[in-house]
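Data block below; observations after.
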Amino acid sequence: MGCQLAVCLSENIYNNDLKLRFGEVVLVAPDPKARPVERDHEETASGITSAFDEAKLLWGDNSQMFKRFLDALVKMASLADHVRIVLCRTDGVAVYTNNADHIVRHLKGIENVGIIFAQDGEIVNSHGVIIDLTAPAGRYDVHDRLWKSIKIFDSFVPND
């Protein structure tokens with residue numbers, strides 16, 4: 001499930017006081033859509049509804065839609081035992097600067113949230129998640145390779 005949909009679903013559960021809880025939530029390369037990125041422009045130019053436009057439909061067409069996403073992430077964390085968020089600073093889709101970096105700042109200090117920074121070309125072991133990005137990239141951006149590179153284990157350590 002896309003991160004935007006998962007976060008929106010958890011916000012609806014929270015707002016409607018449905019008394020549901022999540023054990024573990026793992027978000028792989030979530031993109032808060034603070035700004036459109038190159039892939040959004042490519043999709044629009046190809047006549048495809050871009051992920052940025054889809055997010056506007058989900059959160060409302062305003063300059064603060066990414067803030068609504070971030071606030072909903074906090075609600076998700078309150079419903080979960082553990083939230084693990086995998087980011088990569090070289091991600092060409094969930095671009096870090098002035099985009100995914102908002103996630104890190106917004107969730108800082110929330111004990112049950114683990115931010116994991118994947119490194120392209122390396123193996124990372126953090127918060128019970130192993131990410132192996134040592135395979136050659138080929139023509140694929142790290143964003144598209146993250147899914148296959150992740151192994152999730154039961155042990156969550158908040159500040160490892």
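Condition (residue is crowded, with 21+ Cβ neighbours inside 10 Å, touching a Leu at 6+ places or on another chain (Cβ under 9 Å) and under 15 Å from Val26 (Cα atoms)) applied to segment 105-112: is it met by at least one residue?
Taking segment 105-112 first, the residues crowded, with 21+ Cβ neighbours inside 10 Å are none.
Within segment 105-112, not a single residue is crowded, with 21+ Cβ neighbours inside 10 Å, touching a Leu at 6+ places or on another chain (Cβ under 9 Å) and under 15 Å from Val26 (Cα atoms).
Can you name the residue in segment 4-39 that is acidic (Asp, Glu) and surrounded by 13 or more Cβ atoms within 10 Å (Cβ to Cβ) and, of all such residues, is farthest from Phe153 (Cα to Cα)? Talk me through it step by step, then tell me what you get.
Here is the first cut: in segment 4-39, the ones acidic (Asp, Glu) are 11, 17, 24, 31, 38.
Those left that are additionally surrounded by 13 or more Cβ atoms within 10 Å (Cβ to Cβ): 11, 24, 31.
Details: Glu11: 26, Glu24: 11, Asp31: 23 Å.
The qualifying residue farthest from Phe153 (Cα to Cα) is Glu11.
Return the pairs, sorted by first residue and then second, in which the second residue is of a type in the set (S, T, N, Q) and modelled with pLDDT of 90 or more, the first residue lies in segment 134-155 and is within 16 Å of Gly92 (Cα to Cα), the beta carbons are less than 8 Å apart, and the residues are 6+ apart or on different chains.
Cβ pairs passing all conditions: Val142/Thr90.
If you go through segment 119-133 one residue at a time, do you hit one that is outside any loop (DSSP other than H, G, I, E, B), touching a residue at least 12 places away in the same chain (Cβ under 8 Å), out of contact with any Lys or Arg (no Cβ under 7 Å at 6 or more places or on another chain) and more than 24 Å from Phe22 (Cα to Cα)? Talk me through it step by step, then tell me what you get.
Going residue by residue through segment 119-133, those that are outside any loop (DSSP other than H, G, I, E, B) are 123-126, 129-132.
Next, only the ones that are touching a residue at least 12 places away in the same chain (Cβ under 8 Å) stay: 126, 129-132.
Right, trim to out of contact with any Lys or Arg (no Cβ under 7 Å at 6 or more places or on another chain) and you get 126, 131-132.
From the residues that got through so far, the ones that are more than 24 Å from Phe22 (Cα to Cα) too are 132.
Within segment 119-133, one or more residues are outside any loop (DSSP other than H, G, I, E, B), touching a residue at least 12 places away in the same chain (Cβ under 8 Å), out of contact with any Lys or Arg (no Cβ under 7 Å at 6 or more places or on another chain) and more than 24 Å from Phe22 (Cα to Cα).
With the condition kept exactly as written, say whether any residue in segment 124-135 is loosely packed, with under 14 Cβ neighbours inside 10 Å and touching a Gly at 6+ places or on another chain (Cβ under 8 Å). Show your work before the answer.
Just the residues of segment 124-135 that are loosely packed, with under 14 Cβ neighbours inside 10 Å, to begin with: 125, 134-135.
Among the residues that remain, those that are also touching a Gly at 6+ places or on another chain (Cβ under 8 Å) are: 134.
Yes, because at least one residue in segment 124-135 is loosely packed, with under 14 Cβ neighbours inside 10 Å and touching a Gly at 6+ places or on another chain (Cβ under 8 Å).
Does Val95 meet the test of being among the aliphatic types (A, V, I, L, M), surrounded by 12 or more Cβ atoms within 10 Å (Cβ to Cβ) and touching a residue at least 40 places away in the same chain (Cβ under 8 Å)? Full working, then the answer.
Numbers: among the aliphatic types (A, V, I, L, M): yes; surrounded by 12 or more Cβ atoms within 10 Å (Cβ to Cβ): yes; touching a residue at least 40 places away in the same chain (Cβ under 8 Å): yes.
In short, yes.
Just a yes or no: is a residue in segment 47-66 surrounded by 19 or more Cβ atoms within 10 Å (Cβ to Cβ) and charged (D, E, K, R)?
no
Hey, any hits in segment 46-61 for a residue that's touching a residue at least 40 places away in the same chain (Cβ under 8 Å) and touching a Cys at 6+ places or on another chain (Cβ under 7 Å)?
Yes; the residues of segment 46-61 include at least one that is touching a residue at least 40 places away in the same chain (Cβ under 8 Å) and touching a Cys at 6+ places or on another chain (Cβ under 7 Å).
The values are calculated or read from the model by the stated rules, or taken from the named source; none is laboratory data. Here the structure is a predicted model, which is why all the values come from computation and not from measurement. Cβ coordinates were reconstructed from backbone atoms using ideal geometry, including for glycine residues, and neighbour counts include every protein chain displayed.
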